[in-house]
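J.: Can you keep this structure in mind? I'll have questions shortly.
The values are calculated or read from the model by the stated rules, or taken from the named source; none is laboratory data. Note that this is a predicted model, so its numbers are computed, not measured. As a convention, Cβ positions derive from the backbone with ideal geometry for all residues, glycine included, and neighbour counts pool all protein chains shown.
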Amino acid sequence: MKIFDRVYMDNGATSFPKAPNVAETMASYILNNGSNVSRGAYKDSMDASRVVYETRELLCELFNFDHPDHVVFTKNITESLNQILKGLLTENDHVIISSMEHNAVMRPLHSIGCRLTRVQADKAGFVKPEKIEEAITDQTKAIVLIHGSNVCGSINDIESIGKIARDHQLLFVLDAAQTAGVIELDMKKHHIDALCFTGHKSLLGPNGIGGFLVNPSLVKEMKPLIEGGTGSASEQETQPEHMPDKYESGTPNVVGIYGLNTSLKYIMDEGIKTIHEKEMALVEYFFDHFDRKDVRIVGHKGLENRTAVISLDFLTKDNALIAFDLERKYHIATRVGMHCAPSAHKTLNTFPNGTVRVSFSCFNTFEEVQYLIDALNNLL
């Protein structure tokens, strides 16, 4: 068996490789521009500002949103979710979540002290919309939901759930960490009030850049998480109310935005549907060629309503040792453990041992998937 030098299959954590020319674009900015934005009226600063604004426009196009000035950049989706949740909710609010949520949602909500109703997902990781609707009370303020599970890849029916939120006049906050860039998202069609994303996963951009898109109706109500210099209204000692400055204090990650700008253009040129189909072909190949009684494929073993995230539970071996040997002997990068989602693992009956998570990207190959299958069979 030929041993590969490196096979990267941890795209659920962060994508690799990045989209073509992301690194070159970032390096060019550092080497040839390097200016801050909203802090100078000279050419380089204005050029950088135009790229930042264009990136807001690209995100609006990607998510069908009409307000580029209401696209806010953060360092990651965790910060985005904290801003939305802590900016809008109080301990007096009732919030509906699912049993599949990531700790980026759970920990802020516990910190706020909201009254929570956790709607149980099924054993495949799906949340039934009618169960969400049954949990609504007169005190409910928001539905906060993961779109695609980072543990088993299941994708929730956000169109139906968004309609429920709209019909009951509730806020609908979406965690799109695993789906932005690989699953079609439409803020209008899905009735999303706040969509949180990260740039370094399926958007194929660099680490350190994320953000959120928020409906203008929420801005007056949502208090900023961080306040300080914005390069605007500098004569005032109070935080500006205009967007996006209200939520973008301090120097932004301009080099990260340059990288995201490039990756967004790549995704739009390739097409989200094309990218998803490439990944699903790899998943289908894995499912067709790896079927063992001593390994449980966790959650949904189908190609519809899923991403390329696959969790494996080894029934006769230690999951951590399998992941260790995949890297040590075969140079295959996976992720083992709880994936920052203990509630999801309880739902999927993999708590507390967790799983070995394999997550493909559109840049993986069938040869690499077969190599993974051969390696697993050898280890077992």
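J.: State all residues of the stretch 134-179 that are touching a residue at least 40 places away in the same chain (Cβ under 8 Å), part of a strand (DSSP E or B) and under 25 Å from residue 339 (Cβ atoms); if no residue qualifies, say none.
T.: Residues satisfying the conditions are 142, 143, 144, 145, 146, 148, 154, 155, 173, 175.
J.: Please verify whether residue 296 is out of contact with any helix residue (DSSP H, G or I) (no Cβ under 7 Å at 6 or more places or on another chain), of a type in the set (Lys, Arg), surrounded by 17 or more Cβ atoms within 10 Å (Cβ to Cβ) and not assigned by TED's automatic domain parsing to the domain that holds residue 153, treating the condition exactly as stated.
T.: Details: out of contact with any helix residue (DSSP H, G or I) (no Cβ under 7 Å at 6 or more places or on another chain): yes; of a type in the set (Lys, Arg): yes; surrounded by 17 or more Cβ atoms within 10 Å (Cβ to Cβ): yes; not assigned by TED's automatic domain parsing to the domain that holds residue 153: yes.
For residue 296, the condition - out of contact with any helix residue (DSSP H, G or I) (no Cβ under 7 Å at 6 or more places or on another chain), of a type in the set (Lys, Arg), surrounded by 17 or more Cβ atoms within 10 Å (Cβ to Cβ) and not assigned by TED's automatic domain parsing to the domain that holds residue 153 - is met.
J.: It is to be established whether one or more residues within the stretch 116-131 are out of contact with any Pro (no Cβ under 6 Å at 6 or more places or on another chain), in the same structural domain as residue 86 (by TED's automatic domain parsing) and over 24 Å from residue 305 (Cα atoms). Step through it out loud before you land on a result.
T.: Step one: filter the stretch 116-131 for residues out of contact with any Pro (no Cβ under 6 Å at 6 or more places or on another chain), giving 116-131.
Keeping just the survivors that are in the same structural domain as residue 86 (by TED's automatic domain parsing) gives 116-131.
Still in the list and also over 24 Å from residue 305 (Cα atoms): 116-117.
Yes, the conditions are met somewhere in the stretch 116-131.
J.: Something else now. What number of residues in the stretch 277-327 are under 21 Å from the mean Cα position of the chain (by Cα), among the aliphatic types (A, V, I, L, M) and part of a loop (DSSP other than H, G, I, E, B)?
T.: 2
J.: Something else now. Condition first: in contact with a Pro (Cβ under 9 Å, 6 or more places away or on another chain) and without any contact (Cβ under 8 Å) to a residue 24 or more places away in the chain. Now tell me which residues in the stretch 67-109 satisfy that.
T.: 68
J.: Pairs only if they're at least six apart or on different chains, beta carbon under 8 angstrom, first in the stretch 274-288 and hydroxyl-bearing (Ser, Thr, Tyr), second in a helix (DSSP H, G or I); list them, first residue then second.
T.: Listed pairs, sorted by first residue: 285/366; 285/369; 285/370.
J.: Continuing with the same structure: Do we have residue 18 as surrounded by fewer than 16 Cβ atoms within 10 Å (Cβ to Cβ) and among the basic types (Lys, Arg) here? Full working, then the answer.
T.: Working: surrounded by fewer than 16 Cβ atoms within 10 Å (Cβ to Cβ): no; among the basic types (Lys, Arg): yes.
So residue 18 fails the test.
J.: Within the stretch 21-34, restricting attention to residues that are assigned to a loop (DSSP other than H, G, I, E, B) and at pLDDT 95 or above, which residue is surrounded by the fewest Cβ atoms within 10 Å (Cβ to Cβ)? Outline the logic, then answer.
T.: Filtering the stretch 21-34 for residues assigned to a loop (DSSP other than H, G, I, E, B) gives 21, 33-34.
If we keep only those that are at pLDDT 95 or above as well, we get 21, 33.
On the way: 21: 14, 33: 16.
This residue is 21.
J.: Let me ask you something else. Considering (1) crowded, with 19+ Cβ neighbours inside 10 Å; (2) out of contact with any Asp or Glu (no Cβ under 9 Å at 6 or more places or on another chain), say which one residue 221 fails and leave the rest.
T.: All conditions are met except number (1).
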